[in-house]
1. Pick from Leu51, Leu55, Leu7, Leu29: which is under 29 Å from Met432 (Cβ atoms), of a type outside the set (Lys, Arg) and surrounded by 16 or more Cβ atoms within 10 Å (Cβ to Cβ)?
2. Condition test on Gly120, is it open to solvent by less than 30 Å² (accessible area, probe 1.4 Å), under 19 Å from Val253 (Cα atoms) and in the same structural domain as Ile230 (by the TED database)?
3. Taking strands (runs of 3 or more DSSP E) that do not extend beyond region 141-216, which have at least 1 residues that are surrounded by fewer than 17 Cβ atoms within 10 Å (Cβ to Cβ) and not aliphatic (A, V, I, L, M)?
4. So which residues in region 322-349 are in contact with a strand residue (DSSP E or B) (Cβ under 7 Å, 6 or more places away or on another chain) and assigned to a helix (DSSP H, G or I)?
5. Being within 23 Å of the chain's Cα centre (by Cα) and surrounded by fewer than 17 Cβ atoms within 10 Å (Cβ to Cβ) is the filter here; which residues of region 428-449 pass it?
6. Would you check if Leu541 is open to solvent by less than 40 Å² (accessible area, probe 1.4 Å), more than 23 Å from Ser483 (Cβ to Cβ) and touching a residue at least 40 places away in the same chain (Cβ under 8 Å)?
7. Take region 309-338 and flag every residue that is hydrophobic (A, V, I, L, M, F, W, C) and open to solvent by 30 Å² or more (accessible area, probe 1.4 Å).
8. Please return the ranges of helices (runs of 4 or more DSSP H) entirely within region 20-96 where 3 or more residues are within 20 Å of Ala440 (Cα to Cα).
Amino acid sequence: GEVLKNLNKFYKRKEIQRLGAENGLDARLFHQAFISFRKYIMESSSVSADLHIILNDICCGFVLLGHVDDLFPFFLRHAKQIFPMLDCMDDLRKISDLRLPPNWYPDARAIQRKIIFHAGPTNSGKTYHAIQRFLSAKSGIYCGPLKLLAHEIFQKSNDANVPCDLVTGEERVFANEDSRHAPHVACTIEMCSTNTPYEVAVIDEIQMIRDPARGWAWTRALLGLCAEEIHVCGEPAAIDLVTELMYTTGEEVEVRNYERLTPLTVLDYALESLDNLRPGDCIVCFSKNDIYSVSRQIEARGLECAVIYGSLPPGTKLEQAKKFNDPDDPCKILVATDAIGMGLNLCIRRIIFNSIVKPTVNEKGEKEIDSITTSQALQIAGRAGRFGSSFKQGEVTTMHRDDLAQLKEILSEAVPPVQAAGLHPTPEQIEMFAYHLPDATLSNLIDIFVSLSQVDGMYFVCNIDDFKFLADMIQHIPLNLRSRYVFCTAPLNRKEPFVCTTLLKFARQFSRNEPLTFDWLCRHTKWPLAAPKNIKELVHLEAVHDVFDLYLWLSYRFMDMFPDAVLVRDIQKKLDDIIQIGVCNITKLIRASQSAAAPGTAEAVSEDFPLSRTQRDARVVSDRHGAASTEALSIAVEAAGLRRAKNLRPSRLGGRQEDLKSYGRGSLANRLLREGLLTQEMLRQLESEWQDQHRNGRYGFGSKRDDQHSSKASGKKRK
């Protein structure tokens, strides 16, 4: 007991904490080192003799012989054993010093660049003017956030008889038949070269420099491109930051402001019912669940709709956009996620927000639901009434009346200024860390790098959770550090198990020095694949498309080990066609999925299966065949979703909460069970949640008076 008491006294001494900080132990490391040191002393049977003597002198109260501060050398020795980087802290701090990013690009600093900022909202012509300068230059590079945008500029440039190459993570297309590099190139921003000189460079969507995951790519392009003129396009909110960054490089920024070319009106009324849809309408949802649900309801009204969401292949998105834009096609309605915010030219008359709340993942990796930001709302709403389309002005509204005031408030707010630019550790920096810490895992190296990194107020270190996830996943596979780093930067969605498993298999085969052939990939993906019969199969096909993308991405980094890129690209195009068939028949797939989910079983289609917001009036709309439409499902399942929205301010949910008791009983529940839209397990869960709330006196789904009225009414009915 005396030993423990003195150890805790040692821990609390300010002088000891200061000494720890001087030796590289910040508060977190100091605490972890002390816990380990205390455990070592209290549980070890073989404490070193010199430490044993010191402890004895302290505990026996020999003031002249021992003081708790005398434990520090032993504590520091122990800390260095569990944190090896303490021995080379000065070197590591120098390596992870990120305070002067402009100095990383000596080629760009060797020339005096002219920076022109084209600032304006969506549909203001800002990018058009930058591209005109790009086309007139002797050489140029376009850097965009999406493959679709890079492909559009590639196409536009070659159509204008300006030879232009295309470079994305998964694709290289040369304008010249002999594969000579053309003087112009359109690329995704991560792929831009900071060594090649150009006359003009265009950096699109510059506000994404603040993106928590990808912002580093915009920072790298802005600071590092070797071009006489740098044209940046984006929101005015980024002007101040870009000007400050360029001040540190000694370069001035010329700002050109643009106004929207066509008027955009926020309507004073909500859509309220899909019966009020008109040609040129686009319903924007923030999940696949709502995409499935809304498209099913539209089809039930005898209307055709195009569907666009993020995980669709680029070819399928373009085909759906073409179908919607074609004046001779009967498809006049578009149902889409915020994937339409950039990268697609669409003839939309009216944007209708199905919801103004969007699921997000916070810094801790937890799911949250919050209102869309002003920037997001403007980007999406601005797609209506595109200049040069058949609609000379755009309109925007909401599906539900009680969302409209909130949307108007969001759209009227100023977009907050972009505060900081993203940074990311380079492979060279991580290799230098590994030299000093040879036994550390890649995930630990990244953690140590971020914890030691120093940035000034204009920068932040980007989120490296996806990188660490992949690093931990392939840690047991023997790879050299550079190869391991490349695998961990592969662009994939870690929520897709099939794609993650495939990366693991790629890495394992790679480590054995066995080339990943076309035949191997076909066996793994079970190619050839048939057209999807339900939503689950469509989702799997999308994952297979991502696997092909992953193979192509790796093939440009390890050509010898991924040798069959040409063959894989061919089957990927065929797969794109198969997915297009599935999306064109998406409502049939939804119906097949619903009928396959038998009543009484817990299996729906997946977490992503139709789940829409509650309709205000909670009515059930029957389709032509007399069956309840998917709106009915939204009533039952949304109640469960409300608990996930508990972080929302009450005003955001007010007016559309329903009494859950009515969901759990009566003909509506029976009908949903019969149709396979609701399972017994879901019904039990909903009823249990309502009862818990009722017992606790919380009327989260309606007022107390409404509940009592409902109880009386149901009592009369039973009598």
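The values are calculated or read from the model by the stated rules, or taken from the named source; none is laboratory data. Worth saying up front: this structure is predicted, and the values here are computed from it rather than measured. All Cβ positions, glycine included, derive from the backbone under ideal geometry; neighbour counts span all protein chains shown. To get the accessible areas, we keep the full protein, side chains included, count just its heavy atoms, and leave off ligands, DNA and RNA. Shrake-Rupley method; radii C 1.70, N 1.55, O 1.52, S 1.80 Å.
1. Leu29 is the lone residue from the list that is under 29 Å from Met432 (Cβ atoms), of a type outside the set (Lys, Arg) and surrounded by 16 or more Cβ atoms within 10 Å (Cβ to Cβ).
2. So Gly120 passes the test.
3. Strands (runs of 3 or more DSSP E) meeting the threshold: 197-203.
4. Hits for region 322-349 are Lys323, Phe324, Asp338, Ala339, Ile340.
5. Asp447
6. yes
7. Passing the criteria: only Leu318.
8. 27-43, 72-82, 89-95
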